[in-house]
Amino acid sequence: MDGRKIRYIASGVLRFNAQDDFLRRIKFIYDGSLHLLQEYAPDEIALEALIYAKSPTSLMKLAQARGAMLAALTQTGCAVHEYAPTAIKAAVSGHGGTDKEGLQKLLRLHVGDVEFATHDESDAVAVAVCHLLHRSSGLPAPTRGTARGRGLAASLSPKGKEL
């Protein structure tokens, strides 16, 4: 952040070969995360909390992939902050029920005219924006949605106007 203005640096997604076996993909996630940490040297890291998955198998694989990423992230000694999906949407949009396209439009108000290649990429930027807004507010980081669906973006806006 430059003062109260969010400065966009970069975003993207790690892409692996879906034909690779699962352990090779886990290693790719670990190595890719380490590479990004070395390239950008962040002071803080913000993540989306593990989400519910309908399939136990999918949830286990997601948790294992997340574990590989977390193992890499802990190498930095940085503080790691975690936000629930509804808290992220609430911080960016003012409520936790925003759809993906709406979230991308609102993100552009925060970071400028950025074209996101995937929803995963815009979700990652939304996590960063959520963290920056919470950090600049001095409020503790929520891990759950706020009451009545009103998020930090709404509560920080002047005289209750939506951001």
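The values are calculated or read from the model by the stated rules, or taken from the named source; none is laboratory data. Predicted, not measured: the structure shown is a model, and the values here were computed from it. With ideal geometry, Cβ positions are generated from the backbone for all residues, glycine too; neighbour counts draw on all protein chains shown.
Sub-7 Å Cβ pairs linking a first residue in region 81-98 that is on the phi > 0 side of the Ramachandran plot to a second residue that is charged (D, E, K, R) and buried (at least 23 other Cβ atoms within 10 Å of the Cβ), at least 6 apart or interchain, number zero. How many residues, within region 5-41, are under 19 Å from the mean Cα position of the chain (by Cα) and not in a helix (DSSP H, G or I)? Number of matching residues: 12. For region 80-102, a residue qualifies if it is assigned to a helix (DSSP H, G or I) and surrounded by 21 or more Cβ atoms within 10 Å (Cβ to Cβ), and the qualifying residues are Ala87, Ile88, Lys89, Ala90, Ala91, Val92, Ser93. Ala68 falls short on exactly one of the conditions (1) at pLDDT below 90; (2) in a helix (DSSP H, G or I), and that condition is (1).
Listed by first and then second residue, the pairs with beta-carbon distance under 6 Å, at least 6 apart or on different chains, first residue in region 50-77 and in contact (Cβ under 8 Å) with a residue 40 or more places away in the chain, second surrounded by 11 or more Cβ atoms within 10 Å (Cβ to Cβ) and not hydrophobic (A, V, I, L, M, F, W, C), are Ala68/Tyr30; Met69/Ser33; Ala72/Tyr30; Ala72/Ser33. Considering every residue within region 49-59, establish whether at least one is under 14 Å from the mean Cα position of the chain (by Cα), outside any helix (DSSP H, G or I), modelled with pLDDT of 90 or more and not assigned by TED's automatic domain parsing to the domain that holds Leu23. No: region 49-59 contains no residue that is under 14 Å from the mean Cα position of the chain (by Cα), outside any helix (DSSP H, G or I), modelled with pLDDT of 90 or more and not assigned by TED's automatic domain parsing to the domain that holds Leu23.
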